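Working notes for the structure below.
The values are calculated or read from the model by the stated rules, or taken from the named source; none is laboratory data. Given the structure is predicted, the values throughout are model-derived calculations rather than measurements. Positions of Cβ are generated from backbone atoms using ideal geometry, with glycine treated the same way; all protein chains shown enter the neighbour counts.
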């Protein structure tokens, strides 16, 4: 019977596989490498691990450009192409304005370089705005939100599913205001930012992920030199394995040093080459006007300068040429690599500066650096590589990483690691905060009966402090409301130019309320200070979580009387060697410390009057567990008995006299009051909640307008395509075969009228009118298309039905051969299947014969939907029988039991004779009832007797 069950299940495999549900796909995640000139997008989805998204032009990188025309928006390459035609409404390089006030030197330089833009100042925030008309202005955050929303559209189209979670790269030197501006732009775009990751950290992560096997306990220091379009950074990264709490030994990267130059990049070279080309054009005197006063001409020159710079990286000279540069005058001039290097001589002198800054911040020298790897598009310039090689003193520069896509790929790996939808191999990332942050407060002190104010500073985060991290500052000498400031620390490592661009060094002013009220309510309690809890999250954003007033009081502890049951339990426990109760053990081990506080460096005078403490919570991924020391190889190991005897003897000789027991320490109770904290942002205010809603509504209206325009264009294209495709189909043989000349003529007439209407009125027609016109044409062609489609599907549908009928017949024949003593199916069920198979054969043959008599131009009687119905009915019946065979259980074999009686020897003898007689017909059974084993198991079991072989041959013959 087991063989029959396996046979039926094998026959049913064909049916079961067609009903398996498709697996549920996990949510995809994306990353955006947000560069100054280019944007790279990468995704991770099931079946597509870490892939760069192609844009609509099938390119792997997209220009960061937005064109805002009156009735449409353009992005990427389309917008970059409009920069020379309508530069006033084509916005590029606006990242320089993020998180900066209007008086910032970088904002002023941007306005000077791009005179085609109308830039005004936001009265509420003091930031720059782009003015298109009297009523229409856009902030840099809104423009960036448009680009981020466009990048999500590209990713969703590539992934074929919605995407919301993302990781965005930012330059390592971005301060708090700039990082908050990126997060606000992402919020306007409707994206959930899992993390803002520094681009240098993303590059280092991408490098380490693909070299996991090379990372070991020995530290390896790698220097990454990244020169992009706008800035240059140099980062020293140490790779080493570390022990984590959850995953054991895992690779880790740690940022050791960072050096940067905000204004050293390929874009500055483009600007200088553009100005050189403009001067050459003016010197040719082909036009009386100054080309530098024409925004469109300067936009053309900037594009040509970028192209010439790229070609000069591989050639010694090249011809710059532009048709119709200005007033229909062509421009042509020869530029050599030497000319370019002379124009940018002072820029190339700054190439080595980030290297020295990175080494200084890491407190390392070049001898400790194992390899120098170049990243970024501008590192392809030969002069840059030459000067960098000289600065680092290495034999060669590493080029074993994708200079353009490394940051995007590292960021998308981090996105997959942070997402709950994917499981990736852990890689510990310890990033570093570039700028130090401190807390400043003023308090009143009294010296020689003279009161004065004293200004105090406490370092909250040192320069290059690892994050994410939590810190606590404790104010011990305040009993009333007070305020303090959160500011940047010592920024002397910045150059004078970078310090001007940096902006305000004051971050936030915090005013506390409720301190005096809390102290009045708890006058009888001991104060433990005012504790301010800070958090620097994974994105490098500092926030004040909460402020608390902490008090302690001594609680009198009354001795508890033990019940009789408790005493009995303790007595029994002591009998079995229980030294302490379970409760005592739990209290000794289950101690949780919320945040670790470490006192900061302060003078003795400050400690006496007002103590500020900063606590750093250790990273759980790097916390090492202490293990007992293992015996070294070759060390002598003594027996346990000998050790115990010696230890007991030493205890007897050195046992001190018993000391009186100390009284237990008084139990203290901790009380916490929440203190109100009113925060005022001092660097660049964030968009107010009301302004955020207005901006979101404005962007949503633009998106809906774009979608409506896209739908109309799609409807017009669909109508036009249907007209041309149908006209072509009417000339094909399969369509002419199933239609008359009169039917085709009627369709051709309607197509012609629709084509004329589309040319005359289609430009002003609405989306609804275009869809209605297309629906009318499809309705007129429906009968023709139906006949052609049916004939195309007949061979495949009939082949499937024939296969199902054949399998069903084999199944029915096999089911009828099952032994009568243990039937699975009833006769009614088998007859029902037999009738269904015969009826299906009859229907098929009769319908095919009837269809053969009809002319091709008539509506067919053999319909695909009828074939599918017959197939479904037959499949449903087979499935029913298969499920019944699958879940039916065979009846257990009867077995003999040996019973005891007065004449036990006689019963035992009769039972043995019965067992010997039945052994020729059935295999031996276990003491407990079990199901009959398969034939294959019987052949290989211990039952090799002649009786068992006869039984197997008998069963095979019956099968």
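Tally the residues that are assigned to a helix (DSSP H, G or I) and in contact (Cβ under 8 Å) with a residue 60 or more places away in the chain, restricting the search to segment 157-184.
11
It is to be established whether one or more residues within segment 445-462 are within 29 Å of the chain's Cα centre (by Cα) and surrounded by 15 or more Cβ atoms within 10 Å (Cβ to Cβ). Yes, segment 445-462 has at least one match. For segment 468-489, name all the residues that are part of a loop (DSSP other than H, G, I, E, B) and either in contact with a helix residue (DSSP H, G or I) (Cβ under 6 Å, 6 or more places away or on another chain) or within 15 Å of residue 440 (Cβ to Cβ) (or both). Selection gives 477, 478, 479, 480, 481, 482, 489.
Just to verify a result, which residue in segment 758-785, among those that are closer than 20 Å to residue 856 by Cβ and without any contact (Cβ under 8 Å) to a residue 40 or more places away in the chain, is surrounded by the most Cβ atoms within 10 Å (Cβ to Cβ)?
Here the answer is 780.
Note on segment 320-406: enclosed helices (runs of 4 or more DSSP H) holding 3 or more residues that are in contact with a strand residue (DSSP E or B) (Cβ under 7 Å, 6 or more places away or on another chain) are 353-362, 382-392. When each of 504, 492 is tested for being within 13 Å of residue 175 (Cβ to Cβ), within 39 Å of the chain's Cα centre (by Cα) and either assigned to a strand (DSSP E or B) or assigned by TED's automatic domain parsing to the domain that holds residue 674 (or both), the lone residue that passes is 504. The conditions of being touching a helix residue (DSSP H, G or I) at 6+ places or on another chain (Cβ under 9 Å), at pLDDT 90 or above, in a helix (DSSP H, G or I) and within 30 Å of residue 99 (Cα to Cα) are not met by residue 770. Of the numbered criteria (1) within 53 Å of the chain's Cα centre (by Cα); (2) surrounded by 13 or more Cβ atoms within 10 Å (Cβ to Cβ); (3) touching a residue at least 24 places away in the same chain (Cβ under 8 Å), the one residue 866 fails is (3).
The test for being touching a strand residue (DSSP E or B) at 6+ places or on another chain (Cβ under 6 Å) and either in the same structural domain as residue 539 (by TED's automatic domain parsing) or in a helix (DSSP H, G or I) (or both) does not hold for residue 463. The single residue among 107, 66, 120 that is part of a strand (DSSP E or B), under 23 Å from residue 301 (Cα atoms) and touching a residue at least 12 places away in the same chain (Cβ under 8 Å) turns out to be 66. Could you say whether any residue in segment 31-49 is farther than 28 Å from residue 268 by Cα, within 22 Å of the chain's Cα centre (by Cα), in a strand (DSSP E or B) and modelled with pLDDT under 90? Taking every residue of segment 31-49 in turn, at least one turns out to be farther than 28 Å from residue 268 by Cα, within 22 Å of the chain's Cα centre (by Cα), in a strand (DSSP E or B) and modelled with pLDDT under 90. Considering every residue within segment 236-247, establish whether at least one is farther than 30 Å from residue 425 by Cα, touching a residue at least 12 places away in the same chain (Cβ under 8 Å) and crowded, with 23+ Cβ neighbours inside 10 Å. Checked against the condition, which is being farther than 30 Å from residue 425 by Cα, touching a residue at least 12 places away in the same chain (Cβ under 8 Å) and crowded, with 23+ Cβ neighbours inside 10 Å, segment 236-247 yields no hits at all. Can you find a residue in segment 205-217 that is within 29 Å of residue 362 (Cα to Cα) and over 26 Å from the mean Cα position of the chain (by Cα)? Yes: segment 205-217 contains one or more residues that are within 29 Å of residue 362 (Cα to Cα) and over 26 Å from the mean Cα position of the chain (by Cα). Would you call residue 412 outside the structural domain of residue 337 (by TED's automatic domain parsing) and within 21 Å of residue 238 (Cβ to Cβ)? Judged against the criteria, residue 412 is not a match. Filtered by the rule that a residue be in a strand (DSSP E or B) and either touching a helix residue (DSSP H, G or I) at 6+ places or on another chain (Cβ under 9 Å) or on the phi > 0 side of the Ramachandran plot (or both), segment 251-279 gives 251, 252, 253, 255, 256, 257, 258, 259, 260, 261.
When residue 876 is tested against the conditions (1) part of a helix (DSSP H, G or I); (2) surrounded by 14 or more Cβ atoms within 10 Å (Cβ to Cβ); (3) modelled with pLDDT of 90 or more, the lone failure is (2).
Taking the criterion of being crowded, with 16+ Cβ neighbours inside 10 Å and either in a loop (DSSP other than H, G, I, E, B) or out of contact with any strand residue (DSSP E or B) (no Cβ under 9 Å at 6 or more places or on another chain) (or both), the residues of segment 69-87 that qualify are 82, 83, 84, 86, 87.
Within segment 514-540, residues that are under 21 Å from residue 179 (Cβ atoms) have Cβ atoms under 9 Å from residues that are part of a strand (DSSP E or B) and at pLDDT below 90 in these pairs: 534/614, counting only partners at least 6 apart in sequence or on another chain. Taken over segment 280-319, the criterion of being more than 26 Å from residue 65 (Cβ to Cβ), touching a residue at least 12 places away in the same chain (Cβ under 8 Å) and not in a strand (DSSP E or B) is satisfied by 280, 284, 286, 287, 289, 315, 316. Within segment 425-444, the set of residues being more than 22 Å from residue 238 (Cβ to Cβ) and either surrounded by fewer than 18 Cβ atoms within 10 Å (Cβ to Cβ) or free of Cβ contacts under 8 Å to residues at least 40 places away in the same chain (or both) comprises 440, 442, 443, 444. For segment 697-706, indicate whether the set of residues that are buried (at least 16 other Cβ atoms within 10 Å of the Cβ) and more than 29 Å from the chain's Cα centre (by Cα) is non-empty. Checked segment 697-706: no residue is buried (at least 16 other Cβ atoms within 10 Å of the Cβ) and more than 29 Å from the chain's Cα centre (by Cα).
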